[in-house]
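Chemist: The structure under discussion is supplied below as C-alpha cells; questions concerning it will follow.
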Amino acid sequence: MSDINPRDIFPFLDLPREVRDMIYGFATGKRPRAIIKPNATDDAMRLDFFHAWYPHLLLINKQFSDEYFDEVCTNELLCYVKLGNFAPSTPEQEVNPASAMKALSKARYLVGESPACNADDLVPFSTPLSGSTISLVKIMPKLKAYGEHLKVRKGDFTLLRGIHEQNNTADKQRKFQDMLAAHGITREIAYKPLAFVADVLCSDPVTKRASDLSGGAIVVFVAKPCTDANKEQHYLFHGLELEFASVKVKERSKPIEGAVSG
C-alpha cells in the first residue's frame, strides 16, 4: 500500500471557522432515534432527530467532532418527541442515549407529536407540556421554540372542529407560560400549537382506496380557525382554513385488485 501524500489532503481545518460551519450545516440528513428518560421517575420517551449529525463524522478528530456536533445540534437539529404510545425502534435506527442527551443540551427546537383518534386525545393537547415533556424542556437550556403537533385521523371532521372549539390559542399560550413559570423556567421559549389533517391526494375513489391500503401521495394540511368573518364558506374546510404543509409519497408495495392504474 502506498503512503498518502500530505499534499493530497485538503486542509479543511485551515478554512475560517464560519466557512467550516457552513459546510457542517450541509452534512446532515440521517434520522436517528433515541429512547431516553430525562429523570428516573419519568416515563420513557422516543426522540426522532431530523437534520441530525452523521456518527461516523465524529470519528475524524476531536476538533472536527466538537465543531461539527456543536454546529449541527445548535443550528440545524430538529427534535421530535413522540407523546403517548410509540412503536419500538430497531437497533440500527437508534443512537446512544448519551449522545442524544448531549444533543438535547445544545438543540434549540423541540416538537411534541401526538395522534388524535378520539376525544380523550385532546386532553394532552389542551394542557401544554403535560407528562414528562416538561422534564425534557428543563434539560434543554438553549431551547428557543416548542411546537405541539396534533395529527388528526383522516376523515374525523368532528374531532378536528373540537380541537379548536376546546383549545383557544390564546388560552394555550397563557397555559404554556404558566407551566414554564411553575417549574422555575424563566427563559423565553416560543410556543406554537398546530393541528394537522391528512388525506390521500387523489380524486378517483378506486385509486384512493388503493392508496389508503398500500401507499400513494398523502397531502398534509395545517387546520386553523378562520379569522375572517366575511370569508365565504366554500373556501373553508368544515369551517376551518387549511394551510398546505407537505406531501408524503409512499411507494406501493404490490398491486391491489381493482386499483386503476394512472
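The values are calculated or read from the model by the stated rules, or taken from the named source; none is laboratory data. Note that the structure is predicted; figures quoted are calculated from it, not measured. Reconstructed Cβ throughout: ideal geometry from the backbone, glycine too, with neighbour counts over all protein chains shown.
Chemist: Please give the number of the condition residue 156 fails out of (1) at pLDDT 65 or above; (2) more than 17 Å from the chain's Cα centre (by Cα); (3) closer than 17 Å to residue 220 by Cβ.
Modeler: (1)
Chemist: Shifting gears a bit: Between a residue in segment 1-30 that is among the small types (Gly, Ala, Ser) and any residue that is at pLDDT below 95 and surrounded by 10 or more Cβ atoms within 10 Å (Cβ to Cβ), which pairs come within a Cβ distance under 6 Å, given they are 6 or more apart or on different chains?
Modeler: Every condition considered, the pairs that remain are 25/76.
Chemist: Looking only at residues that are crowded, with 20+ Cβ neighbours inside 10 Å and farther than 22 Å from residue 29 by Cβ in segment 72-113, which one is modelled with the highest pLDDT?
Modeler: 112
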